[in-house]
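Peer 1: Following this message is one structure expressed as structure tokens.
The values are calculated or read from the model by the stated rules, or taken from the named source; none is laboratory data. Predicted, not measured: the structure shown is a model, and the values here were computed from it. Ideal geometry is used to build each Cβ from the backbone, glycine not excepted, and the neighbour counts take in all protein chains shown. What goes into the accessible areas is simple: the full protein's heavy atoms, side chains included, and nothing from ligands, DNA or RNA. Shrake-Rupley method; radii C 1.70, N 1.55, O 1.52, S 1.80 Å.
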Amino acid sequence: MRDRLTATLWRLAIFMTVCLMGLFVLLAVFAQIRFEPQQSFTAVFGNVGGLKGGDFVRIAGVEVGKVKNIRIQPDASVRVDFKIEDSVPLTESSRAVIRYDNLYGDRYLALEEGNADEAGKKLRPGATIPLSHTEPALDLDTLIGGFRPLFQAMNPDQVNALSSQLIQAFQGEGDTIASLLSQTATLTSTLADRDQLIGQVITNLNTVLGTFDDNNRQFGEAVDKIASLTQTLAGRKQDITNSVAYANAASASLADLLERSRPALKKVVHETDRTSTLVLNDAAYFDDLINTLPDAYKTLGRQGLYGDWFAFYICEAILKVNGHGGQPIYIKLIGQKSGRCTPKP
């Protein structure tokens with residue numbers, strides 16, 4: 001009895017140990033607990049734009065640490081304390097930039113290396129990245145507000161996709177945007193130099209619009225008919241959708257039916273070919289059979305005039321059997337040559 005109790009206690013202890021280890025692993029994964037050595041740094045921003053404690057710190061998209069604390073300083077700047085892995089080096093030219101993580105407003109702190117010409121000494125743990133080497137997050141509200149008229153004509157999925165692409169395109173691309181604006185200015189200057197050509201294009205457009213104006217009634221009727229057709233199709237969209245779905249289901253059923261019937265159809269075609277060959281080989285017999293069948297069916301039809309049965313009068317019954325050597329032998333069972341069975345002259 002004592003040995004059984006000891007074995008039970010051992011099993012219970014092993015079970016509890018495994019459960020505690022699993023709980024520890026879950027906590028380490030979901031709480032994102034780091035066990036490697038870390039070093040602390042500070043960055044000063046003019047505006048953190050929604051960054052908060054616990055957000056990730058990344059280098060080239062790779063997570064290397066977390067934001068620990070955010071405080072406002074007396075000069076209205078924001079002090080951001082963060083920790084990164086001890087193996088990550090920061091130099092005096094390193095830059096801290098706040099990026100958008102997604103469209104829900106989450107941010108992360110991105111660490112970037114400055115110009116190679118400005119590379120300085122390695123920062124010691126606890127050092128501060130100054131305001132001149134930091135960059136706040138893109139003002140998403142201002143950016144999205146500028147595209148509001150465009151967004152009103154788009155569905156939510158398209159708005160989300162476009163917003164994400166705009167953020168990725170504009171975020172941290174100040175030089176690229178400046179280049180784009182410079183090229184836009186060059187384009188407008190080029191257009192200004194081509195004012196005569198543009199004037200001719202406008203004149204031609206006026207001629208085209210004049211032609212449309214002369215035929216505005218026909219054009220209006222065409223637009224009205226197209227609008228009526230569009231409205232009719234929109235009103236029957238459910239029916240059209242159902243029709244397409246039913247047609248798709250019918251085509252699938254037909255394909256399945258043909259797939260299942262393929263062996264039988266192949267056999268029917270083969271037997272039809274064999275039958276047609278037999279008919280062609282004995283064409284005279286079948287021709288005579290087809291010519292005599294109508295009279296035979298008429299005679300057979302008269303036998304069924306009195307009810308759902310046929311009445312036959314047997315005049316003669318002959319049994320045919322195979323004899324010696326396969327020669328047929330005919331045995332007459334019944335025979336009558338008078339009355340109804342009298343041979344016709």
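Peer 1: Can you name every residue in region 201-254 that is aromatic (Phe, Trp, Tyr) and modelled with pLDDT of 80 or more?
Peer 2: 246
Peer 1: Sticking with this structure for a sec: Could you count how many residues in region 310-333 are under 23 Å from residue 299 (Cα atoms) and open to solvent by less than 90 Å² (accessible area, probe 1.4 Å)?
Peer 2: Of the residues in that region, 3 qualify.
Peer 1: Can you tell me which residue is least open to solvent (accessible area, probe 1.4 Å) among those in region 59-87 that are more than 17 Å from residue 128 (Cα to Cα) and assigned to a strand (DSSP E or B)?
Peer 2: Looking at residues that are more than 17 Å from residue 128 (Cα to Cα) and assigned to a strand (DSSP E or B), I get 64.
Peer 1: Provide a single number: the residues in region 289-305 that are part of a helix (DSSP H, G or I) and open to solvent by less than 90 Å² (accessible area, probe 1.4 Å).
Peer 2: So the answer is 9.
Peer 1: When you go through 90, 111, 131 one by one, which is the residue that is surrounded by 11 or more Cβ atoms within 10 Å (Cβ to Cβ), modelled with pLDDT of 85 or more and touching a Leu at 6+ places or on another chain (Cβ under 6 Å)?
Peer 2: Going through 90, 111, 131 in turn, the sole match is 90.
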